[in-house]
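As structure tokens, the structure follows; a few thoughts come after it.
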Amino acid sequence: MNILYFHQHFSTPKGSTGIRSYEMARRLIHHGHDVTMVCGSYGGGETGLDSMFVSGKREGSVDGIRIIEFDLAYSNSDGLLKRSMTFVKFALKSIGLALTEKYDVLFATTTPLTAGIPGIFARWLRGKRFIFEVRDLWPELPKQMGVIKNPIILGLMSLLEWASYRSAHCCIGLSPGIVEGIKKRGVPASKITMVPNGCDLSIFSQSNQPWRPEGVNNSDLMVIFTGTHGIANGLDAVLDTAVELQKRGREDIKLVLVGQGKLKPELERKVTALALKNVVFHPPVNKEKLAGLMVSADVGMQVLANIPAFYYGTSPNKFFDYIAAGLPVINNYPGWLAGMIQEKKCGFVVEPENPTAFANALEQAASDRKVLSEMGIRSRQLAENQFNRQLLADKWVEWVVKDRSLEVNYEKIV
């Protein structure tokens, strides 16, 4: 079967961003299917193509995946207007491929929400099977974050969300809250499955070469955050915790922020202004080097802004990287991940916007390394038992290429 796969922010493991789409595409190929990946140029990502762009795109094969990359640069540091225009341009170019390429199934994954547009056209103009994967609930998330306030824009986004869900023959949600959000838009539960982000167990292992950034001693408790430094990530909570720790004289607990994003320069200025000696910034690194950092780390930080839509509506890559590396996780917001950490005893859960509780938990981690080690063992067990990427990918593949006769039943429902 030929799969036309749309992911604007696609990257191979050579990049410093999530590789879910790469791993899923590779699993499709493992099962005998052909994959064409359509993407843009994502800051921090790496498609594996290095040829010149011709007429706004370049093509090539990387690890068995045929890749079509549009010359549309995107960065989390871009302003809202520029990012929106990039999303729209990618969607328009994608429609052309959806209407001309030879394929059996069109698969599209967010973000952005505009990723569903080529699928809508493929479904209704060519009668193609369309599978839609939802990584975040839009427009609910930007609305709650206050990023988008214009009621007309929010209304149009809501309409696009509805049209994407109802045009898709099947939907895949990455978290319990996302699945529930899709159901609320009228999609039958039988047409939705949850396949969360998974753990790359072969990448994150104790065999990786350990390293620590400059400024972090071997005796320090190294607590790491690996991801985008943006509004959604709520990294001010980490700086507030750093202030509390410094007041207590705990310079042996280092908070390491690895990545890039729109708010990184502002965060760096705050650290300088506050004269914080326990916060270390490091640029993003690829998966191989990230794995070595995690071998040397002691705790992984799963932090987000205190937005209710995040509680059950996200499936963050970093959490699954942490547990794959056998790291205890400290989480600062309620929801399904917090519940799992508490149930499996593989880390710490603190309430949002409470630097005292956050600092207390890290001091506890620093004072009892034996318990911390036991938490790390349980993290790795959770990764192996419930979030093995290969097993989740097989479930995903089955959903993507499942019996086409199901389309008939779905037509009767909608």
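Just so it is clear, none of the values below were taken in a lab; they were calculated from the coordinates. Remember, predicted model here, so these are calculated numbers, not experimental data. Don't worry about glycine lacking a Cβ; one is built from the backbone with ideal geometry, like all the others, and counts go over all protein chains shown.
Quick notes on this structure:
- Which of ASN354, PHE225, THR314, positive extreme of dipole for the stretch 221-386 (C-beta unit charges): PHE225
- Remark: spin-label model distance ILE148-LYS277 equals 4.6 nm, labels positioned 7 Å along the Cα→Cβ axis.
- Calculated FRET value between LEU80 and ARG185, using beta carbons and R₀ = 30 Å, to 0.05: 0.75
- If R0 equals 45 Å, the separation of the Cβ atoms of ASN354 and LYS102 corresponds to a calculated FRET efficiency of about 0.25.
- The stretch 140-147 - phi-based ³J(HN,Hα) in whole Hz, Karplus 6.51/-1.76/1.60, Gly and Pro as x: 4, 5, x, 5, 5, 6, x, 6
- Summary of packing: across the peptides 238-244, 172-178, the per-residue average of other C-beta atoms within 10 Å ranks them, highest first, as 172-178, 238-244.
- Taking Cα centre as origin and charging only the Cβ of basic (Lys, Arg, +1) and acidic (Asp, Glu, -1) residues, the dipole magnitude of the chain rounds to 820 debye.
- Proximity of backbone amide H atoms, modeled 1.01 Å from N, is registered between ILE224 and VAL256, ASP298, VAL299, GLY300, MET301 at under 5 Å, excluding neighbours fewer than 5 places apart on the same chain.
- Share of Cα-Cα pairs in the stretch 121-233 lying beyond 25 Å, as whole percent: 46 percent
- Site pair VAL371 and ASN217 shows an inter-label distance of 2.4 nm when each label is modelled 7 Å from Cα along Cα→Cβ.
- Relative contact order of the stretch 221-386, pairs being alpha-carbon contacts under 8 Å that are 6 or more residues apart, as %: 24 percent
- Evaluated at q = 0.08, 0.11, 0.12 Å⁻¹: base-10 log I(q)/I(0), Debye formula over Cα of the chain: -0.43, -0.82, -0.97
- Label point at ASN2 placed 7 Å out along Cα→Cβ; residues across the stretch 40-68 whose backbone nitrogen lies under 13 Å: 66
- At 0.890 mPa s and 25 °C, Stokes diffusion of the stretch 15-87 via Kirkwood alpha-carbon radius, µm² per second: 185 µm²/s
- Using the average count of surrounding beta-carbon atoms within 10 Å as a protection proxy, the listed peptides 153-161, 13-21 rank, highest first, as 13-21, 153-161.
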